[in-house]
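Heads up: the structure comes next, in C-alpha cells.
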Amino acid sequence: MYKSYQELVQTEKYLRLNEQGQLVIEPPSELKIIDFHTHLSNLFAGKSKDPACKGKKSTYPTLPPVEQMDLSQPYWTNRLHKPYKGITGIFKFSAHGLKILNDMVDAGTFDNCFETMDANHIQKAVILPISSAKDDRSLAALQAAARYPNRLIAFCSVHPNDPERQGKVQKYKDMGAKGFKLKIPDMELNRGIGSLVALMQECYEAKLPVLFHTGSNVQEDDPDVAKPMKRLLRCTRTELYGDLLAQLPPDFTFVFGHSGIGEYKLVAEYLKQYPATYAEISAQSAESIKYLIDEVGSDRLLFGTDWPALPQALTLSRVLLATQGDETARDNILYKNAERLLYI
Ligand SMILES: [Zn+2]
C-alpha cells in the first residue's frame, strides 16, 4: 500500500508514470503483446457511444484509492467487499457498477485505446462485446476490427434469450469473429445454466473459443454480505462454469476471463481437468500468475487487461514480474498462446 502513485512507481518494478500522469510500463526488452481482454465504448448492451468520437480520459473507478491498493491480491484490493454490507450494499454495489460502466463508455474510444496500447507496447487487442437479449453488440465489434484490422480482433456476443439467436454464432464467425464473449447480467442465471449449454454447443460447432467473465470481487462467505447480494453475484461464480464444462465436449475451448479473480486456484483445478480450457489473467497479481504457471504451465495462460476498466500497465507489470528469468513463459502468456488460439 502506498501514499501516492509516485510512491507506487518508485516501489514497483516495470511501472512508471508518463507525462500525462498515467501508469505505463517500462519494458525490460522489446516485447510482442496481444491484449486478450479489451472493451470499446460501443460494445456494451444498453449503453453505447461512437468510439470514433472524442472521449474522456478514464478515471478508473474500478481501482481502489492508491492508499488501499494491495498489489499482492488479485484485483489489487482486499477491501472491495467491505462497503457492500447488508441490503443497502446492493444499492451501493449497483451505483458503483453504473459509475464504472459510464466511465468505460466515456473513455473507450479508438484514440484512447491506441494511445494506451502504444504507451504499453501492446500491438493488438481482442475487443469483447457484451450483448443482452435485446441489444446485440457483435456487429459493432466486427465493424471496429474491420476498420483497424492490424490492431483489433473482434469477438461476437449472443445472449441465450435473444429471440433472433438462431444461426447468429455461425454468421458472426463467417463475418470474421474470432471468438465469443458473454457476461450474463445479474440474476439472469438464477434458473440454472440450461439455456447456456445449447448456445455453447453452437460455439463449439462453429469452432469459436468462448470467454466468460468469471469470479466475483465480493466475498461470498462474508457474513456481512446479504443473501440477495450473493444471489446477484451467483452468475460470476467460477463453479458455475465448471458445471457448464461438465456438460460440453472435452475439447470445447473455454477461457476463464480474469482467471476467476480471487478463485484462481479453482480455475487452476479446472484447467487440469479440462485440457482445452485457458485462463485469461486480467486483474491477477504477480503471485497468483506465478501460482498458475507453477500449477498448469504457461501454455494456456493469456494476457488481458480489461481496459478501459483497468489501466493496462497494472496486469502487464504483474506478468513481467511473474516471468522474470523465464522468457518462454513470458512470450507464451503475452502473445504466443493468443496467436495459436486465434489462428493469427
Ligand atoms: Zn471485461
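Derivation of every value follows stated rules applied to the coordinates shown; laboratory data play no part. If you're wondering where the values come from, they're calculated on a predicted model, not measured in any experiment. Here Cβ is always computed from backbone atoms with ideal geometry, including for glycine, and neighbour counts include all displayed protein chains.
Just to be sure I understand the rule: take each whole DSSP H helix in the chain, project its Cα atoms onto its long axis, keep it if the span is 20 Å or more and its mean Kyte-Doolittle hydropathy is at least -1.0. Which ones pass?
Taking the DSSP H segments of the chain (at least 20 Å long, mean hydropathy at least -1.0), we get 88-107.
How do S216, S72 line up, fewest other C-beta atoms within 10 Å first?
S72, S216
Restrict the search to the stretch 1-99; then list the GluC sites (Glu not before Pro) that DSSP places in a loop and that have at most 16 other Cβ atoms within 10 Å of their Cβ.
Hits after loop and neighbour filter: E19, E30.
Suppose each label sits 7 Å from its Cα in the direction of the beta carbon; what would the E239-E26 distance come out to in nanometres?
If labels sit at E239 and E26, their model points lie 4.5 nm apart.
L302's amide H: which non-local residues (gap 5+, or another chain) put their own amide H closer than 5 Å, with H modeled 1.01 Å from N in plane and none for Pro or chain starts?
Hits under the 5 Å cutoff: A279, E280, I281.
How many nm separate the modelled label positions at E327 and V66, each set 7 Å beyond the Cα in the direction of the Cβ?
3.5
Stokes-Einstein diffusion coefficient for the stretch 121-211 at 37 °C in a medium of 0.692 mPa s, Rh from the Kirkwood formula over Cα pairs: what value in µm²/s?
Using the Kirkwood radius from Cα pairs, D works out to 245 µm²/s.
Within the stretch 127-181, which trypsin sites (Lys or Arg not before Pro) sit in a loop by DSSP and count at most 11 neighbouring Cβ atoms inside 10 Å?
Sparse-neighbourhood loop trypsin sites (Lys or Arg not before Pro): K134.
Using DSSP, restrict attention to beta bridges with both residues in the chain and report what percent are antiparallel, rounded to the nearest 5.
Roughly 10 percent of the beta bridges in the chain run antiparallel, per DSSP.
Would you grab the residues whose amide H sits under 5 Å from the one on A125? Only those 5+ places off in sequence or on another chain, please, with H modelled 1.01 Å from N.
The list, which skips near neighbours in sequence, is D35, L152, I153.
Please give the length that would be gained between D118 and T88 if that part of the chain were fully extended, namely 0.36 nm times their separation in residues minus their C-alpha to C-alpha distance (nm, one decimal).
Here the segment from D118 to T88 would lengthen by 6.7 nm.
For S195 and Y343, compute 0.36 nm times the residue count separating them, minus their Cα-Cα distance, and round to one decimal in nm.
Full extension from S195 to Y343 adds 50.4 nm.
Between D299 and N150, what's the calculated FRET efficiency when r is the beta-carbon distance and R0 is 25 Å? Round to 0.05.
Efficiency, rounded to the nearest 0.05: 0.45.
For the stretch 29-342, go through all pairs of different Cα atoms, get the mean of 1/r, take its inverse, and jot down that Kirkwood value in Å.
It works out to 19.5 Å.
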